[in-house]
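Please read the structure below before turning to the comments.
The values are calculated or read from the model by the stated rules, or taken from the named source; none is laboratory data. Keep in mind it's a predicted model, so treat the numbers as computed, not measured. Quick reminder, even Gly has a Cβ in these numbers, built from the backbone with ideal geometry, and neighbours come from all protein chains shown.
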Amino acid sequence: MSKYKLFSLEPSVSMDGVQSRTLMVTIGSYGDIGSSQRLINDHLENCLPNWKIGHFDADQLVNYVADRPLILFKKDHYSGFEKPEFILHHFIDSSGEPFLLLTGPEPALAWDALSTEISHLIDEFGVEQTVLLHSIPAPHPHTRPTQITEYAGKPGQSQGTFVINGTFKMSASYQSRLAVVLDEAGKKVSGLIAHVPHYLADVDYPDASICLLEGASRVSGLTLPTSALLPAAENVQAQLKSQVEDNPDLAHSIREYEHRFDQVMKERGLPGGIELIAEEDLPTADEIGREFEEYLKGLDQNDGTSHNKEENNGD
């Protein structure tokens, strides 16, 4: 009996034909803040040689009622059901090194079963290190360089500069559970979390994706390109700058935000580490979010063009 109840290889792929030292995981976590995971997936697929080697069964992992997929109704019929996909890709980095990338939404079901099968695949494919990539909303102004929190499967293994100095209980994400399961199975795990300004959590924030790729290159030794993401990041920053310059109240809020953030960072003694920032120490999301509301609507309209592509093509 096969040990894989969720995973299936593509018909043309053999287990023996796939070997890689690194597995990167961008399975959704915390709603993919700043679209950092999606931007990474699209960027790597466009920039590096890759092919699909297998997939996990979404029907066993997704609660369709709680997170309903999209479907198209056109005139008198339904079509184009957008079924979630959990895909394992094989990539070749810029220096010729192979690596694996697992993509998909955050599973709603069977967390441990999925994690166990990923652990088995790590053994099958000779993976030596798993790198988990995701982002969180953070009290971090967009005018400051994006920061990365790094974690590892075991205490003291992380080599990152910025770490959360403290212990706290939080709602689990799938990636956090995967990190625990892989560590318990004796697998090496590294995690990278990009800090996205919380008032930009719902729009594309390429700076976070760039930092995650740079961090993944550092911890894995892979050569991962980022240059194709730079124009998008510069465009977002330029739009933000223009919006701030045209709105004196917003400019004042951002200056206050920067001052308080810098003060907290100084008190925490950077670069030794980043501690959790108390909510009362920084402006709330509502305070800055109100000023950004119109801007975000504008971004949403630009980014939403592709979402309506089929409907706008005409009959």
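In table form, for the structure just shown:
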{"read-out": "Cross-chain or 6+ apart pairs with Cβ under 7 Å, the stretch 135-153 first and in a loop (DSSP other than H, G, I, E, B), then β-branched (V, I, T) and surrounded by fewer than 18 Cβ atoms within 10 Å (Cβ to Cβ)", "value": "P139/I277"}
{"read-out": "Any hit, the stretch 75-86, residues being under 20 Å from L182 (Cα atoms) and in contact (Cβ under 8 Å) with a residue 12 or more places away in the chain", "value": "yes"}
{"read-out": "Matching entry among S217, S173 (being under 18 Å from R38 (Cβ atoms) and crowded, with 17+ Cβ neighbours inside 10 Å)", "value": "S173"}
{"read-out": "Residue selected from the stretch 170-226 under the condition in a strand (DSSP E or B), within 16 Å of F99 (Cβ to Cβ) and of a type outside the set (S, T, Y), by the criterion nearest to the chain's Cα centre (by Cα)", "value": "L192"}
{"read-out": "Residue match in the stretch 63-74 (condition: under 30 Å from I92 (Cα atoms), among the hydrophobic types (A, V, I, L, M, F, W, C) and either touching a residue at least 40 places away in the same chain (Cβ under 8 Å) or surrounded by 15 or more Cβ atoms within 10 Å (Cβ to Cβ) (or both))", "value": "no"}
{"read-out": "Count - residues of the stretch 236-255 that are among the acidic types (D, E) and either surrounded by 14 or more Cβ atoms within 10 Å (Cβ to Cβ) or in contact with a Ser or Thr (Cβ under 8 Å, 6 or more places away or on another chain) (or both)", "value": "0"}
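Table: residues versus (1) in contact with a Lys or Arg (Cβ under 6 Å, 6 or more places away or on another chain); (2) modelled with pLDDT of 95 or more; (3) under 28 Å from Y151 (Cα atoms).
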site: Y205; (1), (2), (3): no, yes, yes
site: T226; (1), (2), (3): no, yes, yes
site: L230; (1), (2), (3): no, yes, yes
site: L250; (1), (2), (3): no, no, no
site: R255; (1), (2), (3): no, no, no
site: M265; (1), (2), (3): no, no, yes
site: E279; (1), (2), (3): no, no, yes
